[in-house]
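The values are calculated or read from the model by the stated rules, or taken from the named source; none is laboratory data. Just so you know, these numbers come straight off a predicted model, no measurement behind them. Quick reminder, even Gly has a Cβ in these numbers, built from the backbone with ideal geometry, and neighbours come from all protein chains shown. Surface accessibility is based on the protein's heavy atoms, side chains included, excluding ligands, DNA and RNA. Shrake-Rupley method; radii C 1.70, N 1.55, O 1.52, S 1.80 Å.
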Amino acid sequence: MTVDQTSAAPAAPEPDLARSTPIGRRVVLTLVGLGALGIATGAAIQDSIDGVIGAVANRDPTGLTGLIPGSGGFRYYSVTGTVPAVATADYRLSVTGLTDRELDLTYADLQALPQVGLTRDFQCVTGWRVLDVPWKGVRLSDVLDTAGVQAAATALRLFSFDGTYTESLTLEQARREDVIVATEMLGAPVTPAHGGPVRLFVAPMYGYKSLKWLGGIELTSTVVPGYWEQLGYDVDAWVGGSNGREDTPTS
Ligand SMILES: Nc1nc2c(c(=O)[nH]1)N[C@H]1C(S)=C(S)[C@@H](COP(=O)(O)O)O[C@H]1N2
Ligand SMILES: [Mo]
């Protein structure tokens, strides 16, 4: 595997901070070293530097790749082999199901809703935690009110435009002030690798609730467990209060 910035110049839909950040020689050597250890990277996501680092960070038992500029301590997770790239101009968020209206929101529609910011720790159920991450976006609750939630609705299904990942929330959880449809993360637009242009951030719950590449919300009458929940993780994923873990709560 070779990693250099020249070969990692993709057609990006929006400014990609990782690419404008010089990657130091030591980091490049670390990546090459990991490659030499036989760590596989999916070819399809090697067309962005985020993707290259992400594919390695995903499988880096040392945690060293967390020190790479631009990653902010985050790993990059995807259950699919590719990082979907959607330009903000082409972005759509559908809201369907038990609503008064079906919505097909654009990025500009989201920007027209009240903008909120919050800073919270981010905790993955596998153990890593990033302290004091700044987020911006709109409250999920405001998106729901724009559609109008019918009385029969008690839960949400959330769909990623990666085509595979799903999540769930109860309506009560979704209406919390610390649950947002995020357009900014770490002080910049959410990068493609982190789920841009729009991802969910569910502050009080483990990272798997913070669905990346948010494409659809469906209001339902019952909770339908999401991707990891069908594989055994808790549906109510409170940090420090689920999955048999004793982490300090994040919210
Ligand atoms: N679409 C999608 N969203 C996802 C995931 C994923 O694999 N696919 N992984 C989840 C998990 S387990 C975590 S910890 C966070 C990681 O966010 P990051 O990749 O920005 O670090 O994304 C969550 N959202
Ligand atoms: Mo996670």
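Here is how the numbers come out for the structure above:
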item	result
Residue within segment 156-163 that is open to solvent by 10 Å² or more (accessible area, probe 1.4 Å), assigned to a helix (DSSP H, G or I) and of a type in the set (Asp, Glu) present	no
Residues of segment 198-237 that turn out to be within 13 Å of ligand 2 (Cβ to nearest atom), over 14 Å from the mean Cα position of the chain (by Cα) and open to solvent by less than 50 Å² (accessible area, probe 1.4 Å), as a count	3
Close pairs from segment 147-173: first more than 16 Å from ligand 2 (Cβ to nearest atom), partner open to solvent by 10 Å² or more (accessible area, probe 1.4 Å) and basic (Lys, Arg), Cβ under 6 Å, at least 6 apart	Ala147/Arg101; Gly148/Arg101
First in segment 205-221 and closer than 15 Å to Thr80 by Cα, second anywhere and among the β-branched types (Val, Ile, Thr) and surrounded by fewer than 23 Cβ atoms within 10 Å (Cβ to Cβ), Cβ under 6 Å, 6 or more apart	none
Enumeration of residues in segment 108-122 that are of a type outside the set (A, V, I, L, M) and farther than 11 Å from Val138 by Cα	Thr119, Arg120, Asp121, Phe122
Residues satisfying the stated conditions in segment 164-183, i.e. more than 13 Å from ligand 1 (Cβ to nearest atom) and open to solvent by 10 Å² or more (accessible area, probe 1.4 Å)	Thr170, Leu171, Glu172, Gln173, Arg175, Arg176, Glu177, Asp178, Thr183
Segment 115-130, subset open to solvent by 70 Å² or more (accessible area, probe 1.4 Å) and assigned to a loop (DSSP other than H, G, I, E, B), residue nearest to ligand 2 (Cβ to nearest atom)	Thr126
Evaluation of Ser141 against (1) in contact (Cβ under 8 Å) with a residue 40 or more places away in the chain; (2) in contact with a Lys or Arg (Cβ under 7 Å, 6 or more places away or on another chain) (one fails), failing number	(1)
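Per-residue answers, yes or no, for (1) within 16 Å of ligand 1 (Cβ to nearest atom); (2) more than 20 Å from Arg157 (Cβ to Cβ); (3) in a helix (DSSP H, G or I):
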{"position": "Asp104", "(1), (2), (3)": "no, no, no"}
{"position": "Asp109", "(1), (2), (3)": "no, yes, yes"}
{"position": "Asp132", "(1), (2), (3)": "yes, yes, no"}
{"position": "Val138", "(1), (2), (3)": "no, no, no"}
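One line per residue, one yes/no per condition, for (1) within 20 Å of Tyr91 (Cβ to Cβ); (2) not charged (D, E, K, R):
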residue: Gly187; (1), (2): no, yes
residue: Phe201; (1), (2): yes, yes
residue: Met205; (1), (2): no, yes
residue: Lys209; (1), (2): no, no
residue: Glu218; (1), (2): yes, no
